[in-house]
Structure formats: C-alpha cells, structure tokens
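Undergrad: This is the structure, below, for whatever I ask next.
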Amino acid sequence: MNAHLEWNDLRLVRAVVEAGSLLGAGKALGINHSTVLRRLEAIETRLGVRLFERLRSGYVPTSAGTDVARVAGRLAEKVEALERRLVGRDVAIRGTIRVTTADTLMHMLVMPPLTEFRRRHPEVVLDLVVSNEFVSLTQRLADVAIRPTQAPDAHLVGRRISTIANAVYGHRDVVEKEERRELSDYAWVLASETLTQLPSARWVEDHIPASAVAMRIDSLLGVFDAVRAGMGVAILPCGMGDIDSRLRRLTPPIAGTEVDLWLLNHRDLRQTGRVRAFLDFMGEALTSRRDLLEGREPEAYASRGRTS
C-alpha cells in the first residue's frame, strides 16, 4: 500500500467534508463532480481506508476522513499565511489587486477613484468583487475591502473613513406633487427580509406601518432605482440620494441608522508595494468625500428643500 498523500489530495478531502457532496466540493475546487469522485476513490484505494460513508443525504466523513480534513485545514492556514508573507515582500507597484466592496458603494463612491488609481498605475490590474457578503481577506479571496461595518474582523487592519449617514428620499416630482404631512402618509419602498440586519431597515420597521409599504426589494440599489422611478420614498445613504437631482431629501440624517465605512486589508499584505499605494490613494480619495457620506452637503441639500 502506498499511503503517500499530496497537498491536492488533502484539499479534495477537506472540500468534500465541508460541502458534504461531490457537487459542492467540485464547485469549491473548480472541477466537475465526476473528477472529484474519481480522485477520491483513488485516494481511498491508495490509503486502503474508507474516508466517507456514501449516504442518501450526502457524503459523511468517517473518523479517518475527519482526521485528514483536520490536518488539511491546519496546513491550509499555514500555506495561506506563507503566501501572504511572500506577497507582502513585493514592493513594486504592479500586479493584481483584488478589491471587494458593496454594490451601493460601487455606485456612489468607489468607481471614480479606482479609475484614477489605474490611470496613475497602469501596471496594476484591479479585480473588483462586488458583493454584499464580507469576502474573506484572511483566505486571500480579496486583498482590500471597502466595507460598511461596525465590527471589523480582528485579523484585519485598516482605517475608518467616515460614517455613512442615511435619510429619507423621494422622487422630486412625486414629493412636490403630494406634499404629505407625515412620512407614514407616503408609499414606502423597503429593503426585504434578507437585509433586515441594516440599521436603516430596522428603523423603517419600527416607524412605518405595514400598510404604507408599496414594495420590498432584496437590494439597496434596487430600492434606489424604485425611488428614482417614483414608486415611493425610502431610506437611502446620503451619498446616493444627495447626488441625484431627481431626488429630494425629506429628513436630516436619521440618528441610529448610520454605519461606519472602513478601508481594510490583511496585516501581512500591508507593506506590499501595490497594496500600500492603493491604500494610501484610496484612503485620501474616500476621506475627501466624507461630507457627502455623512450627509453634510449644504448646497445639494438646500437645492432640494427640506421637510420634517
């Protein structure tokens, strides 16, 4: 029996344990499920031990399979840490920077400075991951995160840029035509249940009756588009609402709905040339928009009028 195990064997067993199926493991590894099955059977044959029980509900690891996956996990952490340290020694401003951010931030804030950074550093390739989930930086799924969060991961370093303030907005034509006396008199567009963790979503649930709801959408960009189309009013980030001439702000920033904006990266990558240059540039560019993000754009605000 040849019990030799390679790193790819360990990764495959770990993937099957975590996914509980060949299909899920294949997706995680970027291969098809038949390849996973063939390689798994070859590993078990080589070791002379069964690593999984094949059940109707999925692949359940035996004690041997659990041991292999546990070792694979420990090795993966060491390999990822080594990769970060090696990448961190690169002082050249070239190569790829993978940046993750939320869709709302991409819309209202991130794209112009990304474009300017790329103009200044043409040897850098920007790989943008737009997701409302917090993409892991510790596993090198991204190098830098531009994220709203109240509690950054302890493994990450970075800087707090500002708060992101929120206020109530409606389409100017609709608002000026109707001139409702109370916010609850308007039709409302709400973030759906998938976004109920947002402070703004909780505020609406606490202050606006269900009878006023016209639409729920599982995307803040969708809420924004609905308000621009005249569907109803909604709480939006001031950085989105104040720059759109079609919208009118109906309230000052609402206390308790704000969230912090952070520029984050893994500490092992902080001295990488391209990452260091990116952090310095983006930190300055984002900070210059602090008044907009925090709802202090007096000219834009005054031009839209104000009701309470």
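Undergrad: Residues in segment 257-269: is at least one of a type in the set (D, E, K, R) and assigned to a helix (DSSP H, G or I)? Before you say what the answer is, go through the steps one by one.
TA: Narrowing segment 257-269 to residues of a type in the set (D, E, K, R): 258, 260, 267-268.
With the extra rule that they be assigned to a helix (DSSP H, G or I), the set shrinks to 267-268.
Scanning segment 257-269, I find at least one residue that is of a type in the set (D, E, K, R) and assigned to a helix (DSSP H, G or I), so the answer is yes.
Undergrad: Restricting the search to segment 260-271, which residues are modelled with pLDDT under 90, touching a strand residue (DSSP E or B) at 6+ places or on another chain (Cβ under 7 Å) and surrounded by fewer than 22 Cβ atoms within 10 Å (Cβ to Cβ)?
TA: Arg267, Arg270
Undergrad: Would you confirm whether or not segment 230-245 contains a residue that is of a type in the set (S, T, N, Q) and touching a Gly at 6+ places or on another chain (Cβ under 6 Å)?
TA: Let us first name the residues in segment 230-245 that are of a type in the set (S, T, N, Q), namely 245.
Subsequent filtering for residues that are touching a Gly at 6+ places or on another chain (Cβ under 6 Å) retains none.
No, the conditions are met nowhere in segment 230-245.
Undergrad: Under the condition of being surrounded by fewer than 17 Cβ atoms within 10 Å (Cβ to Cβ) and not charged (D, E, K, R), which residue from segment 223-235 is farthest from His171 (Cα to Cα)?
TA: Ala229
Undergrad: Since Ser245 meets every condition but one in (1) more than 24 Å from the chain's Cα centre (by Cα); (2) buried (at least 24 other Cβ atoms within 10 Å of the Cβ), which condition does it not meet?
TA: Of everything listed in (1) more than 24 Å from the chain's Cα centre (by Cα); (2) buried (at least 24 other Cβ atoms within 10 Å of the Cβ), Ser245 misses just condition (2).
Undergrad: Let me ask something else about it. Which of the residues belonging to segment 160-175 are outside the structural domain of Ile146 (by TED's automatic domain parsing) and of a type in the set (D, E, K, R)?
TA: Within segment 160-175, Arg172, Asp173 meet the criteria.
Undergrad: Looking at segment 96-103, can you tell me whether even one residue there is modelled with pLDDT of 80 or more, in a helix (DSSP H, G or I) and either assigned by TED's automatic domain parsing to the domain that holds Gly239 or of a type outside the set (Phe, Trp, Tyr) (or both)? Break it down stepwise before answering.
TA: Initial filter on segment 96-103 (modelled with pLDDT of 80 or more): 96-103.
With in a helix (DSSP H, G or I) added as a condition, the list becomes 103.
Keeping just the survivors that are either assigned by TED's automatic domain parsing to the domain that holds Gly239 or of a type outside the set (Phe, Trp, Tyr) (or both) gives 103.
Among the residues of segment 96-103, at least one is modelled with pLDDT of 80 or more, in a helix (DSSP H, G or I) and either assigned by TED's automatic domain parsing to the domain that holds Gly239 or of a type outside the set (Phe, Trp, Tyr) (or both), which makes the answer yes.
Undergrad: Let me ask something else. I'd like the full set of residues that are at pLDDT below 80, surrounded by 13 or more Cβ atoms within 10 Å (Cβ to Cβ) and of a type outside the set (Lys, Arg), limited to segment 179-193. Lay out the reasoning, then the answer.
TA: Keep residues of segment 179-193 that are at pLDDT below 80, which gives 179-181, 192-193.
Retained after the next criterion (residues that are surrounded by 13 or more Cβ atoms within 10 Å (Cβ to Cβ)): 180, 192.
Across segment 179-193, the qualifying residue is only Ser192.
Undergrad: When only residues in segment 157-171 that are surrounded by fewer than 20 Cβ atoms within 10 Å (Cβ to Cβ) and at pLDDT below 90 count, which is nearest to Phe224 (Cα to Cα)? Don't jump to the end; show me each part of the working.
TA: The initial filter retains those residues of segment 157-171 that are surrounded by fewer than 20 Cβ atoms within 10 Å (Cβ to Cβ), namely 157, 159-160, 162-163.
After this cut, where a residue has to be at pLDDT below 90 as well, the list is 157, 159.
On the way: Val157: 31, Arg159: 28 Å.
Checked segment 157-171; the qualifying residue nearest to Phe224 (Cα to Cα) is Arg159.
Undergrad: Here are Thr251, Thr257: which of them is buried (at least 19 other Cβ atoms within 10 Å of the Cβ) and either of a type in the set (Ser, Thr, Tyr) or not assigned by TED's automatic domain parsing to the domain that holds Thr115 (or both)? Break it down into steps so the answer makes sense when it comes.
TA: Working: Thr251 fails: buried (at least 19 other Cβ atoms within 10 Å of the Cβ).
Answer to the selection: Thr257.
The values are calculated or read from the model by the stated rules, or taken from the named source; none is laboratory data. These figures come from a predicted structure and were not determined experimentally. Every residue, glycine among them, receives a Cβ derived from its backbone with ideal geometry; neighbour counts consider all protein chains shown.
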